[in-house]
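Let me begin by presenting the structure, written as structure tokens, before commenting on it.
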Amino acid sequence: MMTDERIIKYLENELSPEERNSFEVDLNNSADLREDLNKYLRVKEETGNLKELKLNSLYLDSILPEFRKKLDIPKTVSVKRNLGYAFGIMLIFILSISIFKNFFSTENPAIVLQEFTQSLNENQKIELLEDLNGDAEVYKLLSENISDNELTNLLTTEIEINNEVAEAYDISFNELIVGLSQQKIDEIYTEILNRKF
Amino acid sequence: MNVKTDDHLLVRDFLSGNEQSFNILARKYQERIYWHARRMLGDHDDAHDIVQQVLLVMHSKLNTFNFSSALYTWIYKITATRSLNLIKKKKLKKIFTFSPDEAVDSYGYENIIEDIEAKERFLRMEKHLNSLPIKQRQVFVMRNYDDLPYEEISNITGKSIGALKANYFHAIRKMKELMEKK
């Protein structure tokens with residue numbers, strides 16, 4: 001057990017009779033232990049002296065009248081404080097509405113999309129159609145907002161473009177075999193046949 | 001008739017409408033309430049506030065007092081809780097207002113202690129007490145100034161006796177060191 005712990009337990013009367021005897025023997029033999037004990041006794045003595053400190057009687061006599069005065073004063077309603085509370089509640093209410101507005105919105109996304117497509121001019125609609133890759137719902141909405149003639153024109157343009165692309169990739173047999181030996185040509189032909197191309 | 005039954009009679013008398021009985025109880029305990037609060041808070045104005053608050057609680061809540069315990073334990077519990085709450089409140093206020101630590105010598109209203117020599121010793125001791133952490137300060141005050149046994153401190157604070165003893169050990173050791181330095 002540490003010295004401090006032994007001293008405090010000794011002062012607090014928490015040592016067993018054997019420990020107490022042993023401590024008192026050590027106390028007789030050690031000046032350091034006596035000095036340490038005296039330091040703790042000084043703390044006890046100082047607090048003990050201050051325990052009996054008396055308050056000024058005038059001050060003591062003033063406590064109860066002040067309390068009675070407080071009891072007698074009716075509770076006043078502070079306008080300033082109440083306005084502060086009201087403002088705070090209003091602020092929280094407005095913030096809550098703005099935050100939760102999106103969660104409880106009943107607006108149909110399809111209606112929003114329809115309004116959007118109607119706001120586009122013809123060129124913008126065509127550009128959008130080109131950008132879309134099979135989004136059926138959007139395509140349907142867009143097509144509903146474009147006249148039949150415009151749609152036919154659009155499809156015709158698309159077919160023409162596709163034909164041009166196809167023609168660009170139309171490579172003749174002779175162009176393919178340039179630079180290949182007869183043996184290599186036969187091998188490729190056999191390979192194609194084997195794959196049931 | 002002992003103090004406990006005496007107090008209980010006064011409480012019953014007050015509850016039946018006799019305000020004079022409350023005045024007797026208030027005069028009897030106001031000084032002890034003040035000293036506990038003052039030792040915990042280290043400031044006269046705060047201690048004075050606590051006295052007023054505790055009297056107010058006593059006046060409005062004595063009808064909830066359980067007559068199985070001593071009245072002073074009930075009052076002491078309120079005083080200890082109110083003092084701790086004020087310390088926490090002041091700490092929070094200090095954080096949010098970014099105010100620096102207040103000077104320790106802001107005691108104010110020093111005429112409340114008439115004996116000059118005792119006052120000096122008291123202020124020196126108060127300075128040491130203020131440098132203890134709250135839990136250690138509380139158990140030190142309850143043990144050394146109010147002579148409460150650990151069981152009663154445990155009942156008031158809701159802490160285990162082991163934890164209280166550990167806090168007291170650190171508190172008294174620190175007080176010894178502080179008094180050595182002076």
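Read-outs throughout are calculated quantities, based only on the coordinates presented, and are distinct from any laboratory measurement. Every value quoted in this text rests on a predicted model; they were computed, and no experiment measured them. So basically every Cβ, Gly included, is an ideal-geometry build from the backbone, and we count neighbours across all protein chains shown.
Helices of chain B meeting both criteria, an alpha-carbon length of 27 angstrom or more along the long axis and an average Kyte-Doolittle score not below -0.5, with helices taken as full DSSP H segments, are B:71-97, B:161-181. If R₀ is 51 angstrom, what is the calculated FRET efficiency for the pair A:N153 and A:F100, using the beta carbon separation as r and rounding to 0.05? It comes to 0.60.
Rounded to the nearest 500, the 222 nm mean residue ellipticity of chain B from helices alone is -24000 deg cm²/dmol, with -39,500 (n - 2.57) taken per DSSP H run of at least 4 residues.
A Förster radius of 22 Å combined with the Cβ-Cβ distance from A:S57 to B:L56 puts the calculated FRET efficiency at roughly 0.45. Using a cutoff of 8 angstrom between alpha carbon atoms and counting only pairs six or more residues apart, the relative contact order for chain B works out to 21 percent. The mean sequence distance of close C-alpha pairs (under 8 Å, at least 6 residues apart), as a share of the length of region B:3-110, puts its relative contact order at 29 percent.
Per residue of peptide B:166-176, the mean number of Cβ atoms on other chains within 10 Å of the residue Cβ is 4.
Binning the C-alpha pair distances of chain B at 5 Å intervals from 0 yields a P(r) profile of 1, 7, 15, 18, 18, 16, 12, 7, 3, 1, 0, 0 %, listed from the shortest bin outward. For region B:3-110, the share of alpha carbon pairs falling in successive 5 Å distance bins from zero is 2, 12, 21, 21, 15, 11, 8, 6, 4, 1 percent. Averaging Cα coordinates gives a centre for region A:1-54 and one for region B:15-78; these two points are 34 Å apart. In this structure, the amide hydrogen of B:E114, modeled 1.01 Å from its nitrogen in the peptide plane, lies closer than 5 angstrom to those of A:N56, counting only residues at least 5 positions away or on a different chain. Separation of the alpha carbons by more than 20 angstrom is noted, of B:K127/B:K181; A:K39/B:K181; B:K61/B:K88; B:K91/B:K159, for B:K61/B:K88; B:K91/B:K159. Taking every alpha-carbon pair in region A:3-51 and binning the separations at 5 Å intervals from zero gives 5, 22, 29, 23, 14, 6, 2 percent.
If the chain linking B:A163 and B:K119 were pulled fully straight, counting 0.36 nm for each residue of separation and taking away their Cα-Cα distance, it would gain 12.6 nm. Taking all C-alpha pairs of region B:52-99, those more than 16 Å from each other amount to 49 percent.
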